[in-house]
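Report on one structure; see the data block that follows.
The values are calculated or read from the model by the stated rules, or taken from the named source; none is laboratory data. All of these numbers come straight from a predicted model, not from anything done at the bench. Neighbour counts are summed over all protein chains in view; Cβ atoms, including those assigned to glycine, are modelled from backbone coordinates with ideal geometry. Accessible surface areas use protein heavy atoms only, side chains included; no ligands, DNA or RNA. Shrake-Rupley method; radii C 1.70, N 1.55, O 1.52, S 1.80 Å.
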Amino acid sequence: MHKKRGYNITSITMALNGAAAYPRACQALAAMLSRNSLNPADITVLFKMYSGADPPPVDLLRVPHFLDLLVDALFKPGSKINPEHKPKYIHLLAYAASVHEIFKKGQRKSLNRDELNATVQSIEKVHNVCNDSKGSMELVAEVNAFYQCIRFPVVAIGVVRWVECTVTDPSYFKLTTEHTPVHLALLDEVVTNHVTLHQKVLDLLVQLFESPQDELDVLVQLERRKMLLDRMVHLFSRGCVVPVVNYIKSLVKVDIQRCYLLFFFCILEVSLRFAIFVGEKEGRLFKHAGNIGVFNLYYCNIIVIKFRK
C-alpha cells in the first residue's frame, strides 16, 4: 500500500530490523530499496559481507521488498543480469532463504550454513532453465530437474513467479497446444510440496480462469477452463479446501449455468480419483463406472440448490 501511495519507508524498515548497527550493509540496502531496483555495486558490497567469516545477521537480508527484487531479477522473464555478478545475486537469495542463526543477549551463538550450497545450486539450475526461453515441449526434458529443485521453498517461489509472468502473457494460450502446459503442471508440484504457497497459486489460477480469451474458439476456452479447474481440484486435494470452495461458491452468484459445469466437473474429478484409489486398493476395475456420472449429476444439483439458498 505504501508503494501505491508513493511513501518511502526505507528508513523505518532499516531502523526496525537493526540494520543501523551495520552501516555499510544498511547503506547498500537502503540505496536499493529507495530506488526500487538492484545494482551490482551495492550487491557486491552485501555479497562480500555475507561471504566472510563473521557476516551480519541474516535478518538484514530478509526484508520482503529486497527479496522480491532478488526473485524478480533471477526468475522474471526478460530480466537481465550481468553474468559476472549473477553468482552474487544467487548467493544472497540463497543465504537469506537457508541460513539459520541463534542470538542470545545480542551475541551470535550459532550459525548454520549446512543447506547454503545445495540451495545455491538449485537456484542456479532453475534460473538457467527459466532464462533459456524454452518452449513447452523443450521444457519436458527439464521436468525432473524442476521437481528435484522445487522442494526448496525459495526455488518454488521463483518458479511460481516465472510461471505467473509466462502464462499471463496474452499470446500464451494461443501458442500452446498441450492439454496441460508444463508451466501449469509445475504448479501442481509446488502445491504438493509447499502449503504456504497454496493461496498464491490459487490466486494465479483464478486470474487465468477469469481472464477473457475471446479470440480462442469456444470449445478451446471450455477445455482451458476445465484444465484450470483440474489444477484447483489438485489444490483442494492437498488441503486448500476452504479457499477453493469459497471461490466456486462465489461463481454461483454470478452465473448459475456456468456453476453447473464447475460443480459437475469438480465432483466428477474428486469421485473418479477416489474410485480409482478404491479400485486399486481392492485390485479390481470398475464395473459400474456409468453410475458415477449419474451420482455426480444428482449430487451437483443438490449442492447448487444449497448454495443458492
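Can you tell me the order of 94-105, 121-132 when each peptide is scored by its average per-residue count of other Cβ atoms within 10 angstrom, highest first? Could the numbers behind the result be given before it?
Details: 94-105: 15.7, 121-132: 19.0.
Highest to lowest by the protection proxy: 121-132, 94-105.
Any aspartates and glutamates with Cα under 17 Å of the LYS80 Cα? List them, leaving off those in the same chain fewer than 8 positions away.
Reachable aspartates and glutamates: ASP42, ASP68, ASP72, GLU124, ASP132.
Just read off the accessible area of ARG151 with the full protein assembly in place, 1.4 Å probe, to the nearest 10 Å².
150
If the cut-off is 17 Å between C-alpha atoms, which aspartates and glutamates fall inside it for LYS109, apart from same-chain ones fewer than 8 positions away?
Of all the aspartates and glutamates, those that pass the test against LYS109 - Cα under 17 Å, at least 8 places apart if same chain - are ASP54, ASP59, GLU101.
If amide hydrogens are placed 1.01 Å from N in the peptide plane, which non-local residues have theirs closer than 5 Å to the one on GLU101?
ASN112
Give me a comma-separated list of calculated 3J(HN,Hα) values for region 47-57, in order, Karplus coefficients 6.51, -1.76, 1.60 applied at θ = phi - 60°, integers in Hz, x for any Gly or Pro.
For region 47-57, the Karplus curve yields 4, 5, 5, 8, 9, x, 6, 10, x, x, x Hz.
How large is Rg over Rh for region 26-124, taking Rg from the Cα atoms and Rh as the Kirkwood inverse mean of 1/r across Cα pairs? Intermediate values should be presented prior to the final figure.
Details: Rg = 13.4 Å, Rh = 14.0 Å.
Here the Rg-to-Rh quotient is 0.96.
Relative to the Cα centre, what is the charge dipole magnitude of region 55-98, using +1 at the beta carbon of each Lys and Arg, -1 at the beta carbon of each Asp and Glu, and rounding to the nearest 20 debye? Before the final figure, lay out each step's value.
Values: 5 positive and 4 negative charges, 25 e Å.
That gives region 55-98 a dipole magnitude of about 120 debye.
Considering the Cα trace of region 69-163, what is its radius of gyration and what is Dmax, both in angstroms?
According to the Cα coordinates of region 69-163, Rg and Dmax are 14.9, 55 Å.
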